[in-house]
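J.: There's a structure below that I have some questions on.
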Amino acid sequence: MQLIFNKRLISVAVLDQQADAIPLAQALLDGGLDVIEVTFRTAEAAHCISAIHEAFPAMLVGAGTVLTPEQARQAKAAGAQFAVAPGFNEAVVAAAQQCGLPFFPGVMTPSDVEGALRLGCVFAKFFPAEAAGGVPMLRALAGPYAHTGLKFIPTGGIGPANLAGYLALPIVAAVGGSWMCERKLLQDKDWCKISALTAEAVQLAGQGNPPGLEPQTGAVRHGWPRRE
């Protein structure tokens, strides 16, 4: 997960065709980003994850929109190195832990956050970030929860205009978004535009590092770093 802390940026992709997986990954790499989340919103997701993982083993490839235990297992089998969900489902978190797949459940409320902590999560997706209160809401959540070591990955309504505000918060590990590889860009196979948008995002993300942001370290249990 060190790449997430290094780049502080996750490109979220919806791939309708497996043939687009490798060119997209190459376009992101050309733009300076080696972290991608392929969502399980299409039937090709697992195939795309596998193709990217095999072609670019140094790239951190995750699965997004993982809504069921079976999808968590499929993601792991395809080579995903992490998985993300828009909501908090204990059964899905448990399935991911059982197969050693780091999992970032979606949270929006203090109750969601405490559920994630109870299950040992060290990352949580804050979603939908802008609609759920954005930066002010995350600042409020930091009060009672920052000391736990849980880090947030806001997604939803984030782009070049507002990502710096999120990344300035020490409780934010990274931001996620699809603006770098929107579906229209994929349909048009506009790899140069994707690379340009990615390079811009990488530059902006590099300017938003708060001091002292480091991943938690410690023993590993069920694929999770354990807070000491």
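The numbers here are math on the coordinates, done by the rules we state, and not lab data. Model, not experiment: these values are computed from the prediction. Note that we place each Cβ from the backbone using ideal geometry, even for glycine, and neighbour counts take in every protein chain shown.
J.: If we keep just the residues of the stretch 3-41 that are in contact with an Asp or Glu (Cβ under 6 Å, 6 or more places away or on another chain) and within 19 Å of ALA77 (Cβ to Cβ), which is surrounded by the fewest Cβ atoms within 10 Å (Cβ to Cβ)?
T.: Here the residue is GLN18.
J.: Tally the residues that are closer than 27 Å to GLY120 by Cβ, surrounded by fewer than 21 Cβ atoms within 10 Å (Cβ to Cβ) and of a type in the set (A, V, I, L, M), restricting the search to the stretch 151-170.
T.: 1
J.: Shifting gears a bit: Tell me yes or no: at least one residue of the stretch 74-92 is touching a Pro at 6+ places or on another chain (Cβ under 7 Å) and assigned to a helix (DSSP H, G or I).
T.: Yes, the conditions are met somewhere in the stretch 74-92.
J.: Restricting to the stretch 103-127, what's the tally of residues that are under 16 Å from PRO86 (Cβ atoms) and crowded, with 17+ Cβ neighbours inside 10 Å?
T.: Summing the residues that are under 16 Å from PRO86 (Cβ atoms) and crowded, with 17+ Cβ neighbours inside 10 Å in the stretch 103-127 gives 16.
J.: Under 7 Å between Cβ atoms, at least 6 apart or on separate chains: pull out the pairs that start in the stretch 183-203 with a residue that is closer than 18 Å to VAL35 by Cα and end on any residue that is of a type in the set (Asp, Glu) and buried (at least 16 other Cβ atoms within 10 Å of the Cβ).
T.: LEU186/ASP20
J.: For the stretch 42-58: of the residues being touching a residue at least 12 places away in the same chain (Cβ under 8 Å) and outside any helix (DSSP H, G or I), which is surrounded by the fewest Cβ atoms within 10 Å (Cβ to Cβ)?
T.: Narrowing the stretch 42-58 to residues touching a residue at least 12 places away in the same chain (Cβ under 8 Å): 42, 44-56, 58.
Remaining after also requiring outside any helix (DSSP H, G or I): 42, 44, 56, 58.
On the way: THR42: 17, GLU44: 19, PHE56: 18, ALA58: 7.
Top of the filtered list is ALA58.
J.: Further question: Inside the stretch 119-137, can you point out the residues that are of a type in the set (A, V, I, L, M, F, W, C), out of contact with any Ser or Thr (no Cβ under 7 Å at 6 or more places or on another chain) and assigned to a loop (DSSP other than H, G, I, E, B)?
T.: LEU119, CYS121, VAL122, ALA131, ALA132
J.: Across the stretch 23-51, what is the number of residues that are closer than 23 Å to GLN203 by Cβ, in contact with a strand residue (DSSP E or B) (Cβ under 8 Å, 6 or more places away or on another chain) and not small (Gly, Ala, Ser)? Before the answer, list the steps.
T.: Looking only at the stretch 23-51, we keep the residues that are closer than 23 Å to GLN203 by Cβ, and these are 23-37.
Now narrow it down to the ones that are in contact with a strand residue (DSSP E or B) (Cβ under 8 Å, 6 or more places away or on another chain): 24-25, 28, 33-37.
Cutting the leftovers down to not small (Gly, Ala, Ser) gives us 24, 28, 33-37.
So the count comes out to 7.
J.: Okay, moving on. Would you pick out the residues in the stretch 1-16 that are assigned to a loop (DSSP other than H, G, I, E, B) and in contact with a helix residue (DSSP H, G or I) (Cβ under 8 Å, 6 or more places away or on another chain)?
T.: Here is the first cut: in the stretch 1-16, the ones assigned to a loop (DSSP other than H, G, I, E, B) are 1, 8, 14-16.
The answer is ARG8, VAL14, LEU15, ASP16.
J.: Specify which of the listed residues (ILE22, ILE36) is closer than 25 Å to LEU197 by Cα, outside any helix (DSSP H, G or I) and β-branched (Val, Ile, Thr). Let's see the steps before the verdict.
T.: On the way: ILE22 fails: outside any helix (DSSP H, G or I).
Every option except ILE36 fails the conditions.
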